[in-house]
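One structure is given below, encoded as structure tokens.
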Amino acid sequence: MSNIILTGDRPTGRLHIGHYVGSLRRRVELQNSGEYDKIYIMIADAQALTDNMDNPEKVRQNIIEVALDYVSAGLDPAKSTLFIQSQISELTELTFYYMNLVTVSRLQRNPTVKSEIQLRNFEASIPVGFFTYPISQAADITFCKANVVPVGEDQLPMIEQTKEIVHKFNAIYAPDTPVLVEPKALIPEAEACKRLPGTDGKAKMSKSLGNCIYLADSADEVRTKIMSMYTDPLHLQVSDPGHLEGNTVFTYLDAFARDEHFERYCPDYANLDEMKAHYTKGGLGDVKVKKFLNNVIQEELEPIRVRRAAYEKDIPEIYNILKRGSDAAREVAAQTLSEVKQAMKIDYFEDMELIREQSARYKGL
Ligand code: TRP
């Protein structure tokens with residue numbers, strides 16, 4: 001069986017370091033591992049419109065932002081197919097057929113959709129398109145027969161839903177030779193990477209809360225944000241014992257710091273455990289920890305920033321990359337759709353047997 005990756009993001013804003021440690025960094029590693037036959041990275045604009053129906057301009061503007069973040073972070077168009085969801089009309093067709101395999105009550109149980117409904121005040125009146133986006137996400141994942149989907153933890157319910165659809169589709173329409181492939185989610189191992197908090201210590205990094213560090217931020221912006229980060233409110237003096245629980249600076253270090261960073265930027269400690277021990281004992285000030293974190297994050301973001309500056313000089317080429325990727329994705333989607341329609345017995349004009357069969361029936365043979 002082939003090893004195929006599909007994943008993507010809604011283009012509703014620039015990508016931040018939460019996206020980076022949650023999924024983007026992993027995608028680049030997987031891309032460069034050479035273990036995958038195909039890698040599809042999708043800008044989910046149609047999905048973004050399910051909760052931004054009144055703001056198409058926002059979605060349109062952020063296509064290029066997300067694409068720039070992708071290539072700057074190291075996704076290489078020569079190795080990965082970068083494409084735009086809405087340009088693959090086959091996805092909508094697949095979605096329509098998959099809808100038959102999902103119940104309303106099943107959709108209502110999706111915990112991610114539930115919390116999004118609350119967040120967006122959709123309780124009184126949920127747009128149908130938004131409510132059914134997990135089904136369209138199953139189309140995204142299955143059109144290329146992806147078996148691996150690297151995502152953040154909040155996407156697990158979508159992968160679960162996709163598995164159920166695949167299972168049901170194959171059982172009903174293709175019991176002998178399965179047409180669709182059941183995907184597996186790949187989520188970060190480290191707790192800190194699963195859900196990176198905002199710089200203010202709030203549970204989620206989010207544009208509307210203004211607590212993000214963006215991949216596209218300048219070195220100065222990053223430094224300012226880090227130096228004013230939330231730490232331990234009880235750690236008033238350097239000599240006070242500090243707490244690690246809920247201490248955002250240490251959560252970021254969990255997500256970013258490696259032993260070699262200590263050699264380079266803070267040789268007083270061999271590793272993060274030693275630094276944490278000193279902090280909890282007392283005698284290690286927040287400023288020193290923040291300066292170290294700044295060095296670590298700057299080292300990670302600098303190459304991304306340099307690549308971004310280069311790519312920003314040739315914006316038409318970015319659109320070309322997306323166009324080529326969308327053309328390639330469409331070809332694969334058309335093939336899968338034709339297999340799906342055949343399995344569902346709606347391939348009337350491709351099935352030579354059908355006409356012969358019906359003629360014979362009417363001749364009373
Ligand atoms: N739901 C994802 C997000 O909110 C975006 C997305 C759409 C996606 N289709 C996908 C992710 C398929 C993985 C696989 O960012």
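Projecting the Cα atoms of A310, A270, P233 onto the charge dipole of segment 219-311, computed from C-beta unit charges around the Cα centre, puts A310 farthest toward the positive end.
Shape analysis of the chain yields a ratio of the Cα radius of gyration to the Kirkwood radius, Rg/Rh, of 1.06. Beta bridges assigned by DSSP with both partners in the chain are antiparallel in approximately 5 percent of cases. Rounded if a/c is under 1.5, else prolate if a/b beats b/c, else oblate: with a ≥ b ≥ c from the C-alpha gyration tensor eigenvalues square-rooted, which is segment 232-365? Prolate is the answer for segment 232-365, as a/c is 1.5 or above and a/b outweighs b/c. Rounded to the nearest 0.05, the FRET efficiency derived from the C-beta distance between Y265 and E191 at R0 = 22 Å is 0.40.
The GluC sites (Glu not before Pro) of segment 132-195 that DSSP puts in a loop, and whose beta carbon has at most 13 other beta carbons within 10 Å, are E189. Solvent exposure of segment 219-311, expressed per residue, is 51 Å² of accessible area, with all protein chains present and a 1.4 angstrom probe. Label positions at E331 and E160, each projected 7 Å from the Cα along the C-beta direction, are separated by 3.8 nm. Accessible area per residue for segment 125-178, computed on protein heavy atoms with a 1.4 Å probe, is 36 Å². For segment 32-81, the solvent-accessible area of protein heavy atoms averages 41 Å² per residue (probe radius 1.4 Å; ligands and nucleic acids excluded). Note on segment 219-311: with charges restricted to the Cβ of Lys and Arg (+1) and Asp and Glu (-1), its dipole about the Cα centre is near 340 debye.
The order of the peptides 220-229, 36-45 by mean Cβ neighbours within 10 Å, most packed first, is 36-45, 220-229.
Net length available on complete extension from E353 to H243 is 32.3 nm, with 0.36 nm assigned per residue and the Cα-Cα distance removed. Each residue of segment 190-202 is assigned a 3J(HN,Hα), and the resulting list reads 5, 3, 4, 7, 5, 8, 6, x, x, 5, 8, x, 5 Hz, derived from the Karplus form 6.51 cos²θ - 1.76 cosθ + 1.60 (θ = phi - 60°), x at Gly and Pro. For segment 288-348, the set of chymotrypsin sites (Phe, Trp or Tyr not before Pro) satisfying both a DSSP loop assignment and a count of at most 15 other C-beta atoms within 10 Å is given as Y348. Here the extension length gained between K291 and S228 equals 21.6 nm, from 0.36 nm per residue of separation less the Cα-Cα distance. Computed about the Cα centre, the dipole magnitude for the chain is approximately 520 debye when only Lys and Arg (+1) and Asp and Glu (-1) carry charge, each at its Cβ. Using a probe radius of 1.4 angstrom, the carbon and sulfur fraction of the accessible surface of the chain is 53%.
For segment 303-362, GluC sites (Glu not before Pro) meeting the loop criterion (DSSP other than H, G, I, E, B) and having at most 14 other Cβ atoms within 10 Å: E350. Simple rule: put +1 on each Lys or Arg Cβ and -1 on each Asp or Glu Cβ in the chain, find the dipole, and look at A139, T92, G282; the Cα lying farthest toward the positive end is T92. Average 1/r across all pairs of distinct alpha carbons in segment 219-311, invert it, and you get the Kirkwood radius: 13.7 Å.
The values are calculated or read from the model by the stated rules, or taken from the named source; none is laboratory data. These numbers come from a predicted model, not from an experiment. In this analysis, Cβ positions are derived from the backbone assuming ideal geometry, glycine residues included, and neighbour counts consider all displayed protein chains. Note: accessible area is taken over every heavy atom of the protein model, side chains too, but ligands, DNA and RNA are not part of it. Shrake-Rupley method; radii C 1.70, N 1.55, O 1.52, S 1.80 Å.
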